[in-house]
Amino acid sequence: MFERKDGSSNEVRLPDEDIGEVDLTFDLKSDKRITHFGLRGRATTVFPVKSKKLSALVPTLPHHNPYNPTDELVAKLYWPEEERESEVDILKKVYEIARKDEEGKVKHHIPEMVWHCKFEDTSTARIRVALGLKDAERGRRVLYVIVFRKLRPITKLSGTRFLRAWWQIVVCHYALWEKNVYHRDVSPSNLMVYKTSDGRYIGVLNDFDLSSTRDSPSGQERTGTVPFMAVELLTEEAIKGKVKHLYRHDAESFIWVLIWVCLRYKAGRLLRKRRPLDEWLKVDAVGCRKEKNDFLITSHSRIKPSESHKGSSWKVVRSSLRVVRLFYAVKPEVDDLETEDSDNSETEDSEADGSETEDSDESEIRLRLISEAVISEAQDRVSDSLTDATVFKTWLEDVMRAQLPAKYLDVRV
């Protein structure tokens with residue numbers, strides 16, 4: 001499967017019919033390696049990797065992004081279900097959508113796949129057959145290696161830079177959903193950024209290995225990362241596969257990600273002590289639903305954002321929480337909108353023009369009316385996934401317009 005180079009424990013060579021032998025040098029000791037342990041699942045590991053062959057290939061890619069100046073690569077090794085439409089095939093569809101994208105909603109906001117390899121001989125079905133196990137084909141997995149250009153976690157950003165990148169990813173996600181590419185795993189680890197040569201941070205919707213397209217087989221895995229999944233998808237019915245995954249579920253996940261980052265990160269670093277929401281990581285899906293319901297009813301009024309995320313980001317959080325509460329018909333014990341204003345003065349990254357965001361009683365009242373009107377329409381027409389997508393997108397756009405200058409809402413790179 002791998003041909004190890006003599007005298008090296010971390011360099012391998014892999015054959016490729018199209019471009020010839022590919023050299024890969026893995027940085028196995030890197031503190032930037034990301035590993036997901038477990039006896040079940042995809043067992044994803046991401047390594048920093050070097051490759052002379054692939055580095056030379058990058059500028060020739062049809063989907064090459066010239067705005068990302070990095071020369072660093074990462075290799076993703078994982079075991080996806082074979083029944084699912086592969087991440088490679090989904091990304092090819094994404095690149096075709098980006099090629100035709102004249103508004104810049106998708107183009108330059110997606111990961112750059114440089115090379116991939118599927119190891120057919122590693123199918124777990126073969127192992128099960130050899131062991132004499134029944135249902136050998138069900139949920140079978142196979143090893144993939146995909147090499148990407150390196151990106152940075154969105155959690156490294158704060159203030160306006162963070163909110164702007166988050167919004168770019170929201171727009172990219174929605175544009176892909178309209179084109180029948182459904183991400184379905186919105187979480188902080190899948191929201192990334194890169195820094196352009198002129199110092200701008202651009203948001204990227206990353207990790208399409210749990211995504212699907214119209215009429216593609218879904219496989220056996222439940223999609224989503226529990227702490228960020230919509231409350232409706234954490235019910236017993238949803239766990240049994242009886243709830244259809246709609247756009248509004250991913251939209252809600254974006255809201256939970258926003259809350260998560262604002263509460264748990266300061267100046268781009270995870271808080272070491274007294275981190276809110278730690279309990280969400282310690283419970284199963286049903287337990288997390290209970291934690292979220294408690295948060296929606298009472299806990300949100302007692303928790304404050306980190307110093308790095310006061311201001312516009314937290315105002316969007318508070319407006320977003322109101323939408324989620326109204327949608328699930330959860331009435332808060334206290335309305336925290338007015339009581340928190342004095343605690344949330346602007347603490348943003350400095351920008352070149354020093355523009356200030358809208359901050360007035362009139363805008364807050366307008367946001368409240370928008371929220372209630374949108375949710376009323378959503379509850380009346382919730383069965384139509386395209387309708388609820390439009391509803392959430394319209395609401396988010398209105399909220400963002402109230403918090404950021406128009407130039408920050410332009411997603412074009």
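Brief remarks on what is shown
- Filter on Lys107/Lys150; Lys118/Lys282; Lys52/Lys118; Lys134/Lys282; Lys107/Lys407; Lys29/Lys150 - keep pairs with C-alpha separation over 23 Å: Lys118/Lys282; Lys134/Lys282
- Whole-Å distance, taken between Cα centres, linking the range 243-306 and the range 147-218: 19
- Given R0 = 22 Å, the distance between the Cβ atoms of Asp31 and Thr70 translates into a calculated FRET efficiency of 0.75.
- In this label model, Glu17 and Glu83 are separated by 2.8 nm, measuring between points 7 Å along each Cα→Cβ vector.
- Protection proxy ranking, highest mean first, for peptides 21-27, 398-404: 398-404, 21-27, where packing is the per-residue count of other beta-carbon atoms within 10 Å, averaged.
- Computed E for Ser299/Arg269 - FRET, C-beta separation, R0 25 angstrom, nearest 0.05: 0.60
- Simple label model, 7 Å out from Cα along Cβ direction - Arg99 to Thr225, nm: 3.1
- Cα-projected label distance for Lys290 with Ala56, points at 7 Å along beta-carbon direction, nm: 6.0
- What the Cβ-Cβ distance of Glu120 and Lys240 gives, at R0 = 35 Å and to the nearest 0.05, is a FRET efficiency of 0.60.
- Ordering of 75-83, 154-162 by packing is 154-162, 75-83, highest average first (other Cβ atoms within 10 Å, averaged per residue).
- Partner lysines whose Cα lies under 17 Å from the Cα of Lys156, excluding those fewer than 8 positions away in the same chain, are identified as Lys32, Lys195, Lys266, Lys310.
Each value in this text was obtained by applying a stated rule to the coordinates, not by laboratory testing. Since the structure is predicted, the reported quantities are computational estimates derived from the model, not experimental observations. Please note: Cβ atoms are built from the backbone with ideal geometry, for glycine as well, and neighbour counts cover all protein chains shown.
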